[in-house]
Amino acid sequence: MSEEKSWREIPMGGLTWLNSIEYKTGEWRSFRPVVDHNKCTRCMQCVIFCPDIAIKYKPDVNMIEINLDHCKGCGVCAEECPVHAITMVKEKD
Amino acid sequence: MMGMNGDTACAYAVKQCNPEVVAAYPITPQTIIVEVFSEYVANGEVTTEFIPVESEHSAMSTSIGAAAAGARAYTASASQGLALMYEMLYIASGLRLPIVMTCVNRALSAPINIHGDHSDAMGARDSGWIQLYCENSQEAYDTVIQAWRIAEHKDVLLPVMVNIDGFILSHTLENVAVLPDDAVKKFIGEKKIPVVKKPNGELTPYVLHPDYPVSMGAIDLQDYYFEHKRQQAEAMKHALRVIKEVGEEYGGLTGRRYGLIDPYMMNDAELAIVVMGSTAGTAKYVADLMRSKGVKAGVLRVRSFRPFPRDEIVKALSKVKACAVLDRSMSFGSYGGPLFVEIRSSFCYECQKPIMINYYYGLGGRDTPPHLLEDVFYDLKKIAETGKTGEEIRYLGLRDDREADNYKAELISFKDLNEGKIGGR
Ligand code: SF4
Ligand code: SF4
């Protein structure tokens, strides 16, 4: 946060001025999910389980795609994938 | 004019206001509100979405969600129910959502008790809700209608809790003058959405709407939480003005004017009882009785406890010789009940102040008949004549009100207990 404002200048109720699309939760990530598309069966489990709705199925290429701007690296997708198609790889510092 | 008890009066007012959402869970003595309102829903007399939730925590959560989406939301609770809502009460006020709730005041367990006292609402007095206390069912009806205007006022935007005494008001039949439906509709007006300025200067509606995505109540740490609380304090300050304005406007419509306080025979009063809720009615009756005996008695009813009308109370009481503040809830370990403590501190820097004593009364619905309030005036008379305050904190209608010196439990070890040292089966 750059310059701190007074109570008269901020919106009430803790209203955020970046919405969840603009706010890049992916910046926190220390592990990144990497998908092995050969193993992936397109079962959609990871799409459902991702708490950040960061995984989408792309019908045009018949592949799942992870939005790394919003994936926070929790590893839930890797844990839930029934065929272990997702591995969590350490982000470089 | 309709014969209604306090609960039905609230439900009827809500029916005429026709809020988009009512989410409630029944609890004695509030149940009638939910019951009667669900009949209005079943009969198609309202267009309200009625959500029979699984707990009071959910009732408030649902109201919060609805209000955040821009709906008018109403709920009602009491006692343990209000206690279960506690966490969500702070969220409603912190998010600045103008929810209206009736709290049918009831004692808190343990021991279990379903009757009227102010312990429930007093537990939530610092939750950021406006708290108005009604004297009778007429006022309950009138206040529920006014509550929307107060809550939704652009300078306020805070939830309002309308308090009515359990059973004494909630279950007692009374004549209630009601307004025509369209007069209520016109008075409360159309719900408006607040527009707030984002720090980057852009305006945005303060509502959950897919076209204007925002997050409400997002994490707010050392840098801004304090600022948001300061905003709530300011809103409460504005509420002092708005409650009066709305009460006056309502008076213009109905002839029944409401303010922050309700002074009765206070112009020349030398002795006064300060009280909230239904007991004010009894106190006014007793003040008349005392007047007929030549005692200059008066009653100051506090209608708005949050915000606390400090200046008006000081003005009303400053010429009184002695006053008794009646508290219907205990603040254990505190030097006096919540109302007393607040009034005494209001006078801290005043040169002219009455001698003040505090009575705890009516806990768990204990009856407070006129003769007890007569005793209070006689106590005050003695204090005013002698200038001697005596015991400052007293108990009204309690058996044996002497100071306790030998009230304590004995302890026994489990070993002795198991060996039958004190009887048992
Ligand atoms: S690591 Fe977590 S946030 Fe990222 S895609 Fe997987 S489930 Fe979603
Ligand atoms: S859970 Fe595994 S197999 Fe299923 S779609 Fe996701 S990556 Fe593919």
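The values are calculated or read from the model by the stated rules, or taken from the named source; none is laboratory data. What you are looking at is a predicted structure, and each value in this text was computed from that prediction instead of being measured. Here Cβ is always computed from backbone atoms with ideal geometry, including for glycine, and neighbour counts include all displayed protein chains. Surface areas here come from the heavy atoms of the whole protein model, side chains and all, with no ligands, DNA or RNA. Shrake-Rupley method; radii C 1.70, N 1.55, O 1.52, S 1.80 Å.
So which pairs qualify, if the first residue must be in segment A:65-93 and away from chain B (no Cβ under 14 Å), the second must be near ligand 2 (Cβ under 9 Å from one of its atoms) and among the acidic types (Asp, Glu), the Cβ gap must be under 7 Å, and the two must be at least 6 apart or on different chains? Close Cβ pairs satisfying both conditions: A:85/A:36.
Filter segment B:224-249 for residues that are of a type in the set (Phe, Trp, Tyr) and open to solvent by 50 Å² or more (accessible area, probe 1.4 Å) and give the result. Full working, then the answer.
We begin by selecting, within segment B:224-249, every residue of a type in the set (Phe, Trp, Tyr); these are B:224-226.
Of everything in segment B:224-249, those that are of a type in the set (Phe, Trp, Tyr) and open to solvent by 50 Å² or more (accessible area, probe 1.4 Å) turn out to be B:225, B:226.
Being closer than 16 Å to residue B:316 by Cβ and more than 14 Å from every other protein chain (Cβ to nearest Cβ) is a description that applies to residue B:244.
If only residues of segment B:173-208 that are open to solvent by 80 Å² or more (accessible area, probe 1.4 Å) and closer than 28 Å to residue A:5 by Cα are counted, the one that is nearest to the chain's Cα centre (by Cα) is B:192.
Go through the residues of segment A:33-46 one by one and say whether even a single one is touching a Gly at 6+ places or on another chain (Cβ under 6 Å) and over 25 Å from residue B:196 (Cα atoms). No, segment A:33-46 contains no residue that is touching a Gly at 6+ places or on another chain (Cβ under 6 Å) and over 25 Å from residue B:196 (Cα atoms). Within segment B:291-304, the only residue that satisfies the criterion of being crowded, with 21+ Cβ neighbours inside 10 Å and not in a strand (DSSP E or B) is B:303. Taken over segment A:1-49, residues that are in a helix (DSSP H, G or I) and within 11 Å of ligand 1 (Cβ to nearest atom) amount to 8.
Summed over segment A:75-85, the residues that are in contact with a Cys (Cβ under 6 Å, 6 or more places away or on another chain) and within 7 Å of ligand 1 (Cβ to nearest atom) give a count of 1.
Considering segment B:67-89 alone, what residues qualify as being crowded, with 24+ Cβ neighbours inside 10 Å and of a type in the set (Gly, Ala, Ser)? Residues satisfying the conditions are B:67, B:73, B:76, B:77, B:78, B:79, B:81. Of the listed requirements (1) in a loop (DSSP other than H, G, I, E, B); (2) open to solvent by 20 Å² or more (accessible area, probe 1.4 Å); (3) not charged (D, E, K, R), residue B:46 misses just one: (2).
Residues in segment B:107-147 that are assigned to a helix (DSSP H, G or I) and among the hydroxyl-bearing types (Ser, Thr, Tyr): B:119, B:137, B:141, B:143. The residues in segment B:326-357 that are closer than 14 Å to residue B:122 by Cβ and either in contact (Cβ under 8 Å) with a residue 60 or more places away in the chain or not in a loop (DSSP other than H, G, I, E, B) (or both) can be counted, and the count is 11. Based on what the data block shows, is residue B:191 under 15 Å from residue B:95 (Cβ atoms) and more than 8 Å from chain A (Cβ to nearest Cβ)? No: the conditions fail for residue B:191.
Yes or no: residue A:48 within 14 Å of chain B (Cβ to nearest Cβ), within 16 Å of ligand 2 (Cβ to nearest atom), open to solvent by 70 Å² or more (accessible area, probe 1.4 Å) and within 16 Å of the chain's Cα centre (by Cα)? No; evaluated as a whole, the condition is false for this residue. Being among the aromatic types (Phe, Trp, Tyr) and at the interface with chain B (Cβ under 9 Å from one of its Cβ atoms) is the filter; apply it to segment A:1-40 and report the residue that is surrounded by the most Cβ atoms within 10 Å (Cβ to Cβ). The extreme case among them is A:17.
Taken over segment B:152-167, the criterion of being away from chain A (no Cβ under 14 Å) and either crowded, with 24+ Cβ neighbours inside 10 Å or in contact with a strand residue (DSSP E or B) (Cβ under 7 Å, 6 or more places away or on another chain) (or both) is satisfied by B:160, B:161, B:162, B:163, B:164, B:165, B:166. Does residue B:213 count as within 14 Å of another protein chain (Cβ to nearest Cβ) and open to solvent by 30 Å² or more (accessible area, probe 1.4 Å)? Yes; evaluated as a whole, the condition is true for this residue.
Scanning segment A:51-74 for residues that are open to solvent by less than 60 Å² (accessible area, probe 1.4 Å) and either charged (D, E, K, R) or within 6 Å of ligand 1 (Cβ to nearest atom) (or both) yields A:52, A:54, A:55, A:66, A:71, A:73.
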